[in-house]
Amino acid sequence: MRTPYYRYDLGLLDRTLAKIRECTEGHPNWHVHYAIKANANPTLLERIRKAGLGIDCVSGGEISKALENGFPATSIVFAGVGKADWEIDLALEKGIACFNVESQAELEVIIERCQALGRTAHIALRVNPNVDAHTHAGITTGLSENKFGIEIPMLEPIIRRAIECDCLVFEGLHFHIGSQILDMEPFMTLADRVNELQDNLEGKGIKLHSINVGGGLGVDYDNPEQNDMPCLESYFKVFEDRLKLRPGQQLHFELGRAVVAQCGRLITRVLYVKQGTVKKFAIVDAGFTELIRPAFYGAHHKIVNLSSDGPLEKYDVVGPICESSDTFEKDALLPEIRRGDLIAILTAGAYGETMASCYNCRPLPKSCFD
Ligand code: LLP
């Protein structure tokens, strides 16, 4: 197969899905929705669907993709700060489970579209809980300074508006504090914040049918070969132990990265080894067009030379795109690299293929499966 391409380990995906099932099966009121933004490859989606997960979408395109791949509309939740009218209409016509509404302005448009189409919308309000996830600034979402969700002091009148409106069914509240979170503390703070908020709202006569705690569980990018499973047990246990669910209340999760990150790697071939005065460059045939995370977030992905076990040397592993940011790693210590060597960039199953672009008129990457 022509490089670069994505290679997915379906066995590892299945083991990850089995672990999710093991952690959640004692809880019939828990629902895990896979955040399809992490990876929408149909082969992976089929496994994820068969494992019983629903879908978390953030666009009309994602809703269509989920439906095309056999996920029932009733398993789909729909978030996003900027839902276009056509996307709202699509979601209403298909009968998705729930809109996660991010502002009063959006709520008014959903009401308008429901009236125009003669439909009813199930809605949850996305709350900005002001919890610091201590993660990369580009992927934190739960702080007042972020654009996501409705801030707590502004929530009550919007809930009342949703409850009184005949074309809406008010389901409850939605939260998502950020992504690539490895420390359990921010999730504990989130659970505490949900409890406080729920007590407070109940005091005012407002009942919640469901709570959605979003996604965000991180994975080990530094030692993926030793640690290929996210800390699913500790993650689910935080909510099991701390969240005070009311009888009959439903709890939703939206995991993306934790489900697919470790099962995917980007395979690329070395085109040239170039010796500079201070650096040696390994120029590979993948660039930020295939995997943008290092260039965009300064993210680290472990790099492995699959073709050599020679002596270790230092290389800047760079791509062919005409931009200096097209660098996968600086000063990577790797077994001696030669032209033609195959290189694997690990932990690329989440936000790899889905964030690929055609910049420089490059073709989108293909994929294969083990
Ligand atoms: N739910 C909502 C509302 C979200 O915005 C996200 C991710 C998720 C769930 C899934 O989060 P996860 O479990 O994957 O952390 N492209 C970035 C990550 C962006 C995440 C955006 N929202 C990256 O490559 O790190």
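Viscosity 0.692 mPa s, temperature 37 °C: what is the translational diffusion coefficient of segment 222-295 from Stokes-Einstein with a Kirkwood Rh over Cα pairs, rounded to a whole number of µm²/s?
So the translational diffusion coefficient is about 195 µm²/s.
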Please go through the residue pairs Lys37/Lys237; Lys50/Lys94; Lys19/Lys237; Lys302/Lys330; Lys274/Lys314 and name each one whose alpha carbons sit more than 19 Å apart in this structure. Lys37/Lys237; Lys50/Lys94
Stretched out fully, how many nm does the piece from Met229 to Glu22 gain, at 0.36 nm a residue minus the Cα gap? 73.2 nm
If Ser324, Ser234 are placed from fewest to most neighbouring beta carbons inside 10 Å, the sequence is Ser324, Ser234
Using 7 Å Cα-to-Cβ label points, what is the Leu271/Thr43 separation (nm, one decimal)? 2.6
Taking H placed 1.01 Å from N in the peptide plane, check which residues at least 5 places from Ala35 or on another chain put their amide H under 5 Å from its amide H. Asp56, Leu255, Gly256
Want the number for Glu93 to His300: 0.36 nm per residue separation, take away the alpha-carbon distance, what's left? 70.4 nm
Seen from all sides and averaged, what is the projected area of the convex hull of the Cα atoms in segment 95-203, in nm²? 7.4
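Please arrange Ser179, Ser103 by how many other C-beta atoms lie within 10 Å of their C-beta, fewest to most. Display every interim value, and only then the final one.
Details: Ser179 25, Ser103 19.
Lowest count first: Ser103, Ser179.
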For the chain, state what percent of all Cα-Cα pairs lands in each successive 10 Å bin, counting from 0 Å until the bin that includes the largest distance. 5, 23, 30, 23, 12, 5, 1, 0
So for segment 1-95, what percent of the C-alpha to C-alpha distances run longer than 22 Å? 35
Cross-link reach from Lys244 to lysines, straight Cα distance under 18 Å and at least 8 residues apart if same chain, gives Lys204, Lys207
For segment 279-370, what percent of Cα pairs sit more than 16 Å apart? 53
Fraction of beta bridges assigned by DSSP in the chain that are antiparallel (%, nearest 5): 40
Amide H partners (placed H, <5 Å) of Ser210, local residues excluded: Gly172, Leu173, Gln250
Helix-only estimate, please: 222 nm mean residue ellipticity of the chain, summing -39500 (n - 2.57) across DSSP H runs of length 4 or more and dividing by its residues, to the nearest 500. -8500 deg cm²/dmol
List every residue whose amide H lies under 5 Å from the amide H of Phe369, counting only residues 5 or more places away in sequence or on a different chain, with H placed 1.01 Å from N in the peptide plane. Tyr8
Whole-Hz couplings from phi, Karplus 6.51/-1.76/1.60, listed for segment 18-33; x for Gly and Pro: 5, 5, 4, 4, 4, 6, 10, 5, x, 10, x, 8, 9, 9, 9, 9
For the chain, cysteines with no other Cys Cβ under 4.7 Å from their own Cβ are listed as Cys23, Cys57, Cys98, Cys165, Cys231, Cys263, Cys322, Cys358, Cys361, Cys368
Listed with the fewest Cβ neighbours within 10 Å leading, Cys361, Cys322, Cys57, Cys114 appear as Cys361, Cys322, Cys114, Cys57
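Read-outs: derived from the displayed coordinates by stated rules, not from any lab. Fair warning: this is a prediction, and the values are worked out from it, not measured in the lab. Reconstructed Cβ throughout: ideal geometry from the backbone, glycine too, with neighbour counts over all protein chains shown.
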